[in-house]
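Single-structure report; data block below.
What follows draws every value from the coordinates through simple rules; no lab data is involved. Quick caveat, the model's predicted, so the values are computed rather than measured. Counting neighbours? That spans all protein chains shown, and the Cβs are built from the backbone with ideal geometry, glycine included.
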Amino acid sequence: EKEIIGSLSHVYDEDYATAVRWLADGRIQAEPLISVRIPLDRLVEDGLQRLATQAAETLKVLVKP
């Protein structure tokens, strides 16, 4: 048996819906928000390590399946 614990930083449904709409409409661009792209099999070595050592410079880690 496995337990998965997650979190969501967006607690206001209206704000989240607005952000998604703005992304869909092209009013804001997601590309500049992505700090790094990593493959799933490198998540711990590259992604989590980067968050631990470069948190101030890392906004979004995009994990590719």
Give the peptides 34-46, 53-65 in descending order of average Cβ contacts within 10 Å, highest first. 34-46, 53-65
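Work out, in µm²/s and without decimals, the Stokes-Einstein translational diffusion coefficient of the chain at 10 °C, 1.306 mPa s, Rh from Kirkwood over C-alpha pairs. Working shown, then result.
Numbers: Rh = 14.0 Å.
The Stokes-Einstein estimate is 114 µm²/s.
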Can you give me the distance in nm between label points at A24 and D46, each placed 7 Å from the Cα along the Cα-to-Cβ direction? 3.1
